[in-house]
Structures are given as structure tokens and as C-alpha cells.
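Trainee: Okay, handing you the structure first.
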Amino acid sequence: MSSAIDICNQALLLLGASPIVSFEDDTAEADALQVHYAPTKKAFLRGYAWNCAIQTVTVALLADKPLRYDYAFAWPDDALRIIDVIDASHNGQRMEWEVEGRTIHTDFKDVYVRAVMNIPEPQLDAHVEDAFMYALARKLSYTLTSDTARETNIDTLYEKALMEARTTDAQEASHKVFRIKQLDAVRHGGRYI
């Protein structure tokens, strides 16, 4: 359960740079982290549906009606990516939907959204945190060291950590089970509910 500063210091030490006490330190390392930390974290979390970052949340219905759908909903606070929209009134049935700008459009009025959220650092899974630390080191590498050999080494370590995190993450969910009736219904143009 590391803090943002802990993750930053792990990345800095990997690069042979000095650790920081806070983002406001008067150092090149703190200056680089002020620029790169938040966007790198958001891009890293958004890039994959990490189990530790997925939450099911309610969304606010908007007054404006979209062109192709009946309803528009506000983008959830702290959401980085929408994974699924679920009809709350029909036993969690999945439905057709789309994101346009920062709104979610669908034909159902009562919905939940499964989203990748910008979660606090202590909620990161250990492997996810490790891969994120390497992603941050990768981002900082040339800025702080100007060493292309080290940058290449960090890239290799990042790819290994990312693969390990994704593998572990993928093993922490049940596999989707398709029933013969569902497949037959789809095959013959029907819909199975």
C-alpha cells in the first residue's frame, strides 16, 4: 500500500536519481514528477481494465437528448474509461451504448456504468503498482538521465512488469460461460434473454 511519493521514489531510484519528499521539492526530480505523474497514472490505468480500478457506479441523466439514442448520461467523476453500461431495471442486462465526448448515450433510462476509475494509490494491486512504477520510470528516464541505454533497459523491465500484471489480473475473474441456447439463438437471428 504505497503512496504516490513511494511510487515516485521507487521510479527515481531505479533511474539512479535522488528521491523526493514531496512534489513541491525544489529539485529537477520533483519538477519532472509534477509534470508527468498525474498524466502517466491516468494513461496507465485507462490503458487496461485493471480489476482493482473497476467500479460500478450510477450516472446522472442529462436533459439533452442525443441524436441516435433516447438518453444521455454524465461521465462519472474520476472515471478514466467506460467498460460497460448495464440496464438497472432488467437484471443487469447489457445493452447497446456509446460514448460521445464526455457523455454516455443509450436507449435505457435506468443504468449503471462499469468504469476504470482514477483510484488512490493504496488501492492499486501490487503487480499493477509495480507496472505503473516502471511506466513512470520510463516517462522520466530520458528527462532525468539522458541515458538511452538506461531508457532501453527500463522499457524491457516495463514490458515484463506489464505482462505479469496483466496475467495476474486476468486470472482474478470468472470466465464467461456461453450456453448452447444462447449460441443457437444468436445463430438463428434471435435474441436470448
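The values are calculated or read from the model by the stated rules, or taken from the named source; none is laboratory data. Remember, it's a predicted structure, so these values are computed and weren't measured experimentally. Cβ atoms come from the backbone with ideal geometry, glycine included; neighbour counts cover every protein chain shown. Calculation scope for accessible area: heavy atoms of the full protein, side chains included, ligands and nucleic acids excluded. Shrake-Rupley method; radii C 1.70, N 1.55, O 1.52, S 1.80 Å.
Trainee: Taking the condition of being surrounded by fewer than 14 Cβ atoms within 10 Å (Cβ to Cβ) and closer than 19 Å to Val128 by Cα, how many residues in the stretch 11-27 meet it?
Mentor: 1
Trainee: In this structure, does Tyr48 turn out to be under 16 Å from Lys139 (Cα atoms), open to solvent by less than 80 Å² (accessible area, probe 1.4 Å) and modelled with pLDDT of 95 or more?
Mentor: Judged against the criteria, Tyr48 is not a match.
Trainee: Which one is nearest to Cys52 (Cα to Cα), of the residues in the stretch 184-193 that are of a type outside the set (Gly, Ala, Ser) and at pLDDT 60 or above?
Mentor: Val186
Trainee: Looking at the stretch 118-129, I want the residues that are surrounded by fewer than 18 Cβ atoms within 10 Å (Cβ to Cβ) and have a partner that is aliphatic (A, V, I, L, M) with Cβ atoms under 6 Å, at least 6 apart or on another chain. Which pairs are those?
Mentor: From the stretch 118-129, the pairs are Asn118/Leu80; Glu121/Ala4; Pro122/Met1.
Trainee: Somewhere in the stretch 36-43, is a residue surrounded by fewer than 18 Cβ atoms within 10 Å (Cβ to Cβ) and more than 30 Å from Ser141 (Cβ to Cβ)?
Mentor: No, there is no match, as no residue in the stretch 36-43 is surrounded by fewer than 18 Cβ atoms within 10 Å (Cβ to Cβ) and more than 30 Å from Ser141 (Cβ to Cβ).
Trainee: While we're here: Have a look at Ala165, Ala173, Ala135 and point out the one that is in contact (Cβ under 8 Å) with a residue 40 or more places away in the chain, under 18 Å from Tyr48 (Cα atoms) and in a loop (DSSP other than H, G, I, E, B).
Mentor: Among Ala165, Ala173, Ala135, only Ala173 is in contact (Cβ under 8 Å) with a residue 40 or more places away in the chain, under 18 Å from Tyr48 (Cα atoms) and in a loop (DSSP other than H, G, I, E, B).
Trainee: In the stretch 131-154, which residue that is of a type in the set (D, E, K, R) and open to solvent by less than 60 Å² (accessible area, probe 1.4 Å) is modelled with the highest pLDDT?
Mentor: Glu151
For every residue, the table says whether it meets (1) part of a helix (DSSP H, G or I); (2) closer than 21 Å to Lys42 by Cβ.
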| position | (1), (2) |
| --- | --- |
| Ile86 | no, no |
| His90 | no, no |
| Leu140 | yes, yes |
| Glu151 | yes, no |
| Ile154 | yes, yes |
| Asp169 | yes, yes |
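Trainee: Determine whether Val99 is part of a strand (DSSP E or B), among the hydrophobic types (A, V, I, L, M, F, W, C) and open to solvent by 50 Å² or more (accessible area, probe 1.4 Å).
Mentor: So Val99 fits the description; yes.
Trainee: Could you tell me which numbered condition Val57 fails, if it satisfies all but one of (1) surrounded by 16 or more Cβ atoms within 10 Å (Cβ to Cβ); (2) part of a strand (DSSP E or B)?
Mentor: (1)
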